[in-house]
């Protein structure tokens, strides 16, 4: 197998190609379906952005990002907008509960979590021999306007909760944010406080 260059995650290969190469790091973007093809090489029934349809007596018109009936798995890529609006955050929770009630396992991938080998193991319980995204590269910063400064209160709490599953990526991003010159557009302290509180209380925080 040829060595591949794994980039920052985007929902689709098409969106990844349209975004091009990251100007700050020189790293390209990679579509989620390209990662899924390596994580689940034998699964060929991925459905992207289509209504689930009728399951039993329930008709579900929700359109998850990726769905596999063979795995009974739904994979959602949660972009920045999933952390800037309380309404969006509530909707994600409701959708997850709905999908689970229909018999699916749901994996949500936050925009600030990259698919490193460790992250893939955490999210999908799959070990990949090929090296995936470089875990030493930060994925959030003021130039991308995706730091805690741009999130709503509930979004910061959600980011802290999500980062708790990926402490190695939290540390990489926190170190980078602390080095940024324009702290007005970063406000890493908001995330740091929420993360510390989440860890110290064992996850028992508001909006967790």
Across segment 85-103, the tally of residues that are touching a helix residue (DSSP H, G or I) at 6+ places or on another chain (Cβ under 9 Å) and crowded, with 16+ Cβ neighbours inside 10 Å stands at 3
Among (1) loosely packed, with under 13 Cβ neighbours inside 10 Å; (2) in contact with a strand residue (DSSP E or B) (Cβ under 9 Å, 6 or more places away or on another chain); (3) at pLDDT 95 or above, residue 20 falls short only on (3)
Residues in segment 64-84 that are in contact with a helix residue (DSSP H, G or I) (Cβ under 8 Å, 6 or more places away or on another chain) and surrounded by 12 or more Cβ atoms within 10 Å (Cβ to Cβ) total 12
* Kindly check whether there is at least one residue in segment 142-152 that is within 15 Å of the chain's Cα centre (by Cα) and assigned by TED's automatic domain parsing to the domain that holds residue 52. => no
Subset of segment 42-63, residues surrounded by 12 or more Cβ atoms within 10 Å (Cβ to Cβ) and free of Cβ contacts under 8 Å to residues at least 40 places away in the same chain, comes to 43, 46, 47, 48, 51, 62, 63
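The values are calculated or read from the model by the stated rules, or taken from the named source; none is laboratory data. As the structure is a prediction and not an experimental result, all values here were calculated from the model. A quick note on method: Cβ atoms are made from the backbone with ideal geometry, for glycine too, and the neighbour counts reach across all protein chains shown.
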